[in-house]
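Presented below is the structure to which this report refers.
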Amino acid sequence: MSNKTQLSIIIPVHNEEENILELYKSLYNILSLVGKTYEIIYVDDGSTDDSFEKIKSIEDTRVKVVRFQRNYGKAAALSCGFKKSKGDIVITMDGDLQDDPKEIPRFIEELDKYDMVSGWKSKRYDPISKTLPSRFFNWLTRFITGVKINDFNCGYKAYHNYVVKNINLYGEFHRYIPALAYWRGYSVGEIEVEHHPRIHGESKYGVERLLKGFLDLITVTFLMMYKKRPLHMFGGIGFLLGFSGVFISVYLMFLWIIGERIGERPLLMLGILLTVIGAQFVSLGLIGELITNSRNNDDYIIKYDSYEMENGN
Ligand code: UDP
Ligand code: MG
């Protein structure tokens, strides 16, 4: 039998020292039943606790670890895992024991029907300060991207290998993987998964990540619709604003000719000025994102890589 890897499990880790070994044990038990050749890739996203040492202490050649120079965020960690993964099937899960390894066989089964399958934490054990904004976010993302799933942000997802090799992640883009995949033409399924409360360690997400996530929703939407043809968006807005400007000027000139007093409206002027400047800033930002996105290279630095070690480098 060939020793080709059939399944890759990717786990982004940032300060999860108390969860590493327990998760490994439970994964080991489930994966022994699944009967596929596998690798478990921990991506240590700049942990400052003993996470890395804990991972290194696992004596199993199927366990790989890539350690980042500093904390770059979950999207970078997943992106790196995607690049390293060798399995035909790739599964991502959080490293905090909130995602249960027992769902893996169901994910694999569902992949027969779809290019990727997303988990849906239908019963969540997180504080309402997190679940409420997340419900709004899911609604908004569904509305804007047109992808009809319930839970975009669940870290538990399964893919055929060809999907992950074609997705470029940075910022808070991991929230929109189903949209990015759908945009590429892949089919996206969803299964309900059990979600456990976090017992050890702390959640790394707060309001500020949500705000960043919102900006990235705008970016993703822009990239989705106008990546290849930015002029079709900015040109449209530009013409609309420009024509309105000409129209207003002609009207004012007409008033002036018939001797009407135009009057001074400083607040109105300020309003118009700010609107136009605002639109300029957003478009400039989007163009910047477009350039960054097109470069298509990751800017994380790897401090330790067990794949390199195996190759004797
Ligand atoms: N994580 C990461 N980098 C970060 C933040 C989080 O790799 O900058 C990992 C974290 O260790 C966990 C997963 O991403 O394995 C999900 O994080 P968390 O549990 O904090 O998010 P939540 O479940 O609260 O949304
Ligand atoms: Mg969590």
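Quick rundown of the values:
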{"quantity": "The one condition in (1) closer than 30 Å to ASP45 by Cβ; (2) touching a His at 6+ places or on another chain (Cβ under 9 Å) that MET225 fails to fulfil", "calculated": "(1)"}
{"quantity": "Pairs with Cβ under 7 Å, 6+ apart, first in the range 283-304 and within 22 Å of ASN71 (Cβ to Cβ), second small (Gly, Ala, Ser) and assigned to a helix (DSSP H, G or I)", "calculated": "ASP298/ALA76; ASP298/SER79; TYR300/ALA76"}
{"quantity": "Meets criteria (farther than 18 Å from LEU78 by Cβ and at pLDDT below 95) for LYS165", "calculated": "no"}
{"quantity": "Residues located in the range 1-39, provided they are among the small types (Gly, Ala, Ser) and in contact (Cβ under 8 Å) with a residue 24 or more places away in the chain", "calculated": "SER8, SER26"}
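The values are calculated or read from the model by the stated rules, or taken from the named source; none is laboratory data. Because the structure is predicted, anything quoted here is derived from the model rather than measured. Cβ coordinates were reconstructed from backbone atoms using ideal geometry, including for glycine residues, and neighbour counts include every protein chain displayed.
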